[in-house]
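What follows is a set of notes on a single structure, which appears directly below.
Rule-based calculations on the coordinates, nothing more; no lab input. Keep in mind that what you see is a predicted model, and the values were worked out from it rather than measured. Cβ placement follows ideal geometry from the backbone for every residue including glycine, while neighbour counts extend to all protein chains displayed.
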Amino acid sequence: MHSDSATALLPVRFERYEAVTRRLDSIFRRYDPNVEFLSLDEATLDVTGQVHCNGSATLMASRIRNTIEQELKLTASAGIAPLKYLAKMASEVNKPNGQCVVAPNQVQSFLANMDVRKIPGVGPKT
């Protein structure tokens, strides 16, 4: 870092991140017992067949996001899609604090308009 830089690094509070992740896990499990965390702040839920919100994944995502905001004072983005991989991509579309739905009949158009660099795992070497 240059001496004239205005950038300051803050100490990492890993235990705080873990505590928030545990609270997120608790919120997610209200809707789906099979939560899969991809990182401390990213998870997938397969809500297929769940009875909450009359089975609407879109409504569940909205309620989960609202609960996170009310209980944790944090914003959250969500992607709703028929495949986990697509849901991850959809969650990036309306960040921060938004959600994106990719219905089964919209998958081809969603992917056709996607910049290839937005696909997880695709980088300069791929």
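By the Stokes-Einstein formula, at 0.692 mPa s and 37 °C, the chain with its Kirkwood radius over alpha-carbon pairs has D equal to 201 µm²/s. In order along the range 36-41, the Karplus-derived 3J(HN,Hα) couplings, from 6.51 cos²θ - 1.76 cosθ + 1.60 at θ = phi - 60°, round to 10, 7, 9, 7, 4, 10 Hz, and Gly and Pro are given as x. Evaluate the Debye formula for the range 33-80 with equal point scatterers sitting on the alpha carbons, no solvent, and hand back log10 of I(q)/I(0) at q = 0.30 Å⁻¹, in q order, two decimals. The calculated log intensity ratios at q = 0.30 Å⁻¹ are -1.26.
Restricting the range 51-106 to trypsin sites (Lys or Arg not before Pro) that sit in a DSSP loop and have at most 14 other Cβ atoms within 10 Å of their own Cβ leaves Lys73.
The helix-based estimate of mean residue ellipticity at 222 nm for the chain, built from -39,500 (n - 2.57) per DSSP H run of four or more residues and divided by its residue count, is -11000 deg cm²/dmol to the nearest 500.
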